[in-house]
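The values are calculated or read from the model by the stated rules, or taken from the named source; none is laboratory data. Predicted, not measured: the structure shown is a model, and the values here were computed from it. Cβ placement follows ideal geometry from the backbone for every residue including glycine, while neighbour counts extend to all protein chains displayed. To get the accessible areas, we keep the full protein, side chains included, count just its heavy atoms, and leave off ligands, DNA and RNA. Shrake-Rupley method; radii C 1.70, N 1.55, O 1.52, S 1.80 Å.
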Amino acid sequence: MTTQLLVFGVLGVLTTAYAVWANRWLFGEQGAGSVGVIEAAFYVSGVVSVCIGWYFNVRYTHHVGSQASYVAYTKALFANFAADSAAQDYIMVNVVLLPLWTVVDGRRRGIRSPWIFFVVSLFTSLAFAMAFYLAVVERQERVRRRTEPPVAPRRWDGHPIGRRPRPDDAGSSYDRLPRSLSRTRWRPAAARTSSRADRSAT
């Protein structure tokens, strides 16, 4: 174990611990409770990824010695055309999409310090950071479902599914119809039939 690997390992643990501490309201007694099945699957996937990745990282560091660095590691990814294709994909996901996704989505969900998950990926692995973030999202969703009242499914115009809008519905699409259509669009079939009969009688 080299000093560089030791420093990276400590930073990986510290950044992961900070992510848990920043979102401790999800992990406490008043949070999401025990670990669920989906959350456990994320944890297992992340741990397996970081263990396999660090096995190869240790071998790489001992192989190149003092030349080991982020720059040398990135250059080594582009060994042939097949590796080039996979490497550019990995870099785009890790450096661009992961921070955008976690920061934007995390702020919308109320997750604190969402940027930390990108920092975690620099010292652990991309898959571990993604799995860890998804596990936190899973806990946040369980808290939200428990604390917020259920919301009935809605139509495109905002009205509950299974009931047609009525003329007295506030803000309904009925209010936005032209006057010629708003008089008849939501009238019952019996009323429309009787109206036609009255007009024919006169």
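In this structure Glu141 has an accessible area near 40 Å², from a 1.4 Å probe over the protein heavy atoms.
Rolled with a 1.4 Å probe across the full set of protein chains, the surface gives Arg112 an accessible area near 120 Å². Note on surface exposure: Leu26, Leu126 rank Leu126, Leu26 by accessible area, highest first, 1.4 Å probe. Share of the stretch 1-128's accessible area from carbon and sulfur, percent, 1.4 Å? Here carbon and sulfur together make up 70 percent of the probe-accessible area. Considering only Val120, Ala32, Thr102, the residue lying farthest towards the positive end of the dipole of the stretch 1-150 is Ala32, judged by Cα position with unit charges set on Cβ.
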